[in-house]
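Colleague: So that we are looking at the same thing, I have put the structure below in structure tokens.
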Amino acid sequence: MSARDDMSTPSIVHHAAPCGACVTHVRNLGVRFGRHVALEGVSFDLHCGEITAIVGPNGAGKTTLLRALLGEVPYTGERHFHGGGGSGRTTDIVIGYVPQRLVFDRAAPVTVADLFTLGLGRRPVFFGIGDERRAKAMAGLKEVDAEHLLERRLGELSGGEMQRVLVAFSLVPQPNLLLLDEPAQGLDAIGMAKFHDVVAQLRGRFDVAVALVSHDLEAVARVADKILFLDRTLVASGTPDAVLSNPAVRQRLGMIPG
Amino acid sequence: MNSLIDMLQQLVGMLPWEWAHYEFMQRALLAVLLAAPLFALVGTQVVWLRMAFFSDTLGHAALAGLALGVVAGLGKPLWAMIIWAVAMALMVTWVQRRSQEAADTVLGVFMAFSVALGIALLARNGRMKEFLNYLIGDVLSISAGGIAGMLLALIVVVALSFRWFNALALTGLNASLAGSRGVRVGAVQAGFAVIVAVVVTMVIPWVGLLLINAFLILPAATARLLARDTRQYVGLAIGLALVSGVGGLISSYYWGTATGATIVLWAVGFYSLALIYKPGRAAVAAATPGDSGG
């Protein structure tokens with residue numbers, strides 16, 4: 001720990017609360033690109049077993065926050081993680097990331113089974129997936145009701161199916177924090193319904209905290225336990241009702257003039 | 001090693017056909033049998049990662065490496081070409097990561113620089129004609145040492161793929177996703193760029209730098225149209241590369257045509273057949289350039 005380490009030093013801390021459920025703390029997170037300050041003074045908790053939605057207008061810094069949590073951009077301060085049961089042991093945080101989209105053409109020769117294999121071990125996928133990896137993939141897909149998709153090509157999947165597959169993929173191996181990027185984007189009615197199912201199942205898991213990053217407040221307000229409204233800094237946080245009735249939030253949403 | 005290659009050459013010589021009795025054809029067959037699976041394996045990832053223009057740039061950039069090797073008075077400029085290609089690969093990767101310019105613009109600049117430098121230096125020494133062979137390839141230039149080098153390259157690349165293939169393929173799907181799972185994306189991309197540089201440059205004397213990229217890309221592109229999953233993709237690419245390579249080599253003997261060009265024509269032929277056989281697949285690929293969305 002450096003000499004500068006005090007309350008204003010940003011950090012990401014993940015530790016076990018006394019009841020056994022884990023939590024990730026973010027304190028005073030700041031990101032700047034050159035002279036431009038993208039985020040400053042962002043502090044919040046992500047509790048395991050809870051669904052937190054991170055919302056805000058365009059340019060609010062949601063993507064930057066996501067990238068900071070993923071460790072893709074430098075952010076000010078130190079970062080330390082504590083994980084595990086009631087002991088408060090220090091371990092590395094394991095992050096599951098569900099991107100908004102995968103860039104590939106729909107004809108690409110890759111199946112869902114291939115995708116899981118790419119993330120599970122070093123033996124090249126072209127040497128054979130193997131029973132063990134196939135079993136792990138099936139187990140993961142079972143959590144999101146998607147076992148029937150195992151042998152389908154990724155390009156054949158609908159938006160909702162792709163999302164479920166990516167959620168299943170990100171849960172293997174088990175992460176402490178699951179980050180979903182714009183999960184409500186581009187889903188049809190069936191896709192949205194399935195998405196609600198998946199989220200409901202995730203809520204019951206007390207071993208993982210779920211954060212949804214979205215510009216669509218309405219869509220995620222329905223599924224989230226807690227909302228963080230971001231606009232370069234944290235404008236409001238709390239239950240969906242509390243945040244939606246916050247004047248600062250309503251102003252930014254254009255609901256009140258000013 | 002040389003005795004091993006001699007032995008293999010003699011084995012080829014026992015085949016009943018006329019072409020198999022010439023030493024240069026025996027060596028050429030061995031070279032093709034090694035280069036085809038190597039190029040197919042690397043090629044599947046080049047196509048997967050949308051790096052075809054990158055490999056094309058490296059192929060053309062060899063002209064500068066060649067010229068610099070000649071100017072330095074090297075008898076065998078191949079080492080200069082490889083070193084130049086690796087340096088270029090690393091520089092391009094570095095610039096692409098840090099620059100706001102479109103990736104293909106950066107490549108365009110590097111290609112322009114290398115080709116212009118190569119032509120300027122070679123023409124200045126009045127030796128452009130000599131190096132026509134590096135442009136269109138010369139099957140007679142295949143030596144036992146070249147074959148040994150190719151065998152080593154194949155072994156090294158297969159060994160590396162046991163550690164890095166999955167990480168690389170995942171990076172090609174989504175770099176952030178790969179990063180979130182602990183893949184060191186920058187290192188993997190740079191490492192692969194170096195492999196492409198070395199593998200492509202090694203074969204330029206045989207196939208020629210004008211066509212080297214076609215040799216790399218076509219079997220993978222054809223396999224992509226036909227394959228259902230990744231295992232089929234790689235397997236088909238290797239199979240197609242072998243058939244094009246051997247078929248192209250033997251037919252070039254009987255037709256009296258340049259070997260590298262003939263191999264590529266075979267590969268194009270297979271691609272066309274695949275296109276006719278699976279037009280739906282290609283149409284889908286053309287219609288959705290980069291979106292997995294709903």
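The values are calculated or read from the model by the stated rules, or taken from the named source; none is laboratory data. Bear in mind that the values here come from a model prediction, so they are computed numbers and not experimental data. Every residue, glycine among them, receives a Cβ derived from its backbone with ideal geometry; neighbour counts consider all protein chains shown.
Colleague: Please indicate, with yes or no, whether at least one residue in region A:94-108 is closer than 30 Å to A:Ala68 by Cα, among the small types (Gly, Ala, Ser) and in contact with a Pro (Cβ under 9 Å, 6 or more places away or on another chain).
Modeller: Checked region A:94-108: at least one residue is closer than 30 Å to A:Ala68 by Cα, among the small types (Gly, Ala, Ser) and in contact with a Pro (Cβ under 9 Å, 6 or more places away or on another chain).
Colleague: Could you grab the pairs with beta carbons closer than 7 Å, sequence gap of 6+ or different chains, first residue in region A:98-125 and of a type in the set (Asp, Glu), second one surrounded by 24 or more Cβ atoms within 10 Å (Cβ to Cβ)?
Modeller: Taking only residues 6 or more apart or on different chains, the pairs are A:Asp114/A:Val125; A:Asp114/B:Thr230.
Colleague: Related question: I'm checking my understanding of the structure. Among residues of region B:220-234 that are part of a helix (DSSP H, G or I) and free of Cβ contacts under 8 Å to residues at least 12 places away in the same chain, which one is farthest from B:Val158 (Cα to Cα)?
Modeller: B:Gln232
Colleague: Pull out all pairs, ordered by first then second residue, where Cβ-Cβ is under 6 Å, the residues are six or more apart or on different chains, the first lies in region A:62-76 and is within 11 Å of A:Leu39 (Cβ to Cβ), and the second is of a type in the set (Phe, Trp, Tyr).
Modeller: From residues that are within 11 Å of A:Leu39 (Cβ to Cβ), the pairs are A:Ala68/A:Tyr75.
Colleague: With more than 22 Å from B:Leu4 (Cβ to Cβ) and either surrounded by fewer than 16 Cβ atoms within 10 Å (Cβ to Cβ) or among the aliphatic types (A, V, I, L, M) (or both) as the only criterion, which of B:Leu135, B:Leu151 stands out?
Modeller: B:Leu135
Colleague: Moving to a separate point now. Which residues, counting only those in region B:203-219, are touching a Leu at 6+ places or on another chain (Cβ under 6 Å) and not in a loop (DSSP other than H, G, I, E, B)?
Modeller: B:Pro219
Colleague: Taking region A:129-175 only, how many residues are more than 9 Å from chain B (Cβ to nearest Cβ), over 14 Å from B:Asp229 (Cβ atoms) and either outside any loop (DSSP other than H, G, I, E, B) or among the aromatic types (Phe, Trp, Tyr) (or both)?
Modeller: Residues in region A:129-175 being more than 9 Å from chain B (Cβ to nearest Cβ), over 14 Å from B:Asp229 (Cβ atoms) and either outside any loop (DSSP other than H, G, I, E, B) or among the aromatic types (Phe, Trp, Tyr) (or both): 16 in total.
Colleague: Hey, any hits in region B:176-189 for a residue that's more than 14 Å from every other protein chain (Cβ to nearest Cβ), assigned to a helix (DSSP H, G or I) and closer than 17 Å to B:Val42 by Cβ?
Modeller: yes
Colleague: Could you tell me whether B:Gln100 is out of contact with any Phe, Trp or Tyr (no Cβ under 6 Å at 6 or more places or on another chain), free of Cβ contacts under 8 Å to residues at least 40 places away in the same chain and not in a helix (DSSP H, G or I)?
Modeller: So B:Gln100 fits the description; yes.
Colleague: Follow-up question, since we're still on this one. For region A:59-79, give me each residue that is among the β-branched types (Val, Ile, Thr) and either surrounded by fewer than 21 Cβ atoms within 10 Å (Cβ to Cβ) or not assigned by TED's automatic domain parsing to the domain that holds A:Val199 (or both).
Modeller: A:Thr63, A:Val73, A:Thr76, listed by residue number.
Colleague: Related question: Condition first: among the charged types (D, E, K, R) and on the phi > 0 side of the Ramachandran plot. Now tell me which residues in region A:214-245 satisfy that.
Modeller: Scanning region A:214-245 gives a single hit, A:Arg232.
Colleague: May I ask you to say which residue of A:Gly41, A:Gly86, A:Gly56 is modelled with pLDDT of 50 or more, out of contact with any Leu (no Cβ under 6 Å at 6 or more places or on another chain) and assigned by TED's automatic domain parsing to the domain that holds A:Gly204?
Modeller: Going through A:Gly41, A:Gly86, A:Gly56 in turn, the sole match is A:Gly41.
Colleague: Identify the residue in region A:176-209 that is under 12 Å from the mean Cα position of the chain (by Cα) and facing another protein chain (nearest Cβ under 9 Å) and, among all such residues, is surrounded by the most Cβ atoms within 10 Å (Cβ to Cβ).
Modeller: A:Leu179
Colleague: Pick out the one residue from B:Ile195, B:Ile217 that is in contact (Cβ under 8 Å) with a residue 12 or more places away in the chain, closer than 22 Å to B:Gly69 by Cβ, more than 14 Å from chain A (Cβ to nearest Cβ) and buried (at least 18 other Cβ atoms within 10 Å of the Cβ).
Modeller: Every option except B:Ile195 fails the conditions.
Residues are listed down the side, and each one gets a yes or a no for (1) within 14 Å of chain A (Cβ to nearest Cβ); (2) in a helix (DSSP H, G or I); (3) of a type in the set (A, V, I, L, M, F, W, C):
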position: B:Ala116; (1), (2), (3): no, yes, yes
position: B:Ala120; (1), (2), (3): no, yes, yes
position: B:Gly126; (1), (2), (3): no, no, no
position: B:Gly146; (1), (2), (3): no, yes, no
position: B:Ala153; (1), (2), (3): no, yes, yes
position: B:Asn166; (1), (2), (3): yes, yes, no
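Colleague: Let me confirm something: among B:Leu15, B:Leu34, which residue is in a loop (DSSP other than H, G, I, E, B), surrounded by fewer than 24 Cβ atoms within 10 Å (Cβ to Cβ) and either at positive phi or of a type in the set (A, V, I, L, M) (or both)?
Modeller: One residue alone meets the criteria, B:Leu15.
Colleague: Would you tally the residues in region B:256-272 being over 17 Å from the mean Cα position of the chain (by Cα), of a type in the set (A, V, I, L, M, F, W, C) and modelled with pLDDT of 95 or more?
Modeller: The qualifying residues number 1.
Colleague: Check A:Arg252, A:Arg153 and return the single one that is among the charged types (D, E, K, R) and at pLDDT 85 or above.
Modeller: Every option except A:Arg153 fails the conditions.
Colleague: Quick check on my filter: what residues within region A:97-122 are at the interface with chain B (Cβ under 7 Å from one of its Cβ atoms), under 24 Å from A:Cys48 (Cβ atoms) and assigned to a strand (DSSP E or B)?
Modeller: Result: A:Tyr97, single match.
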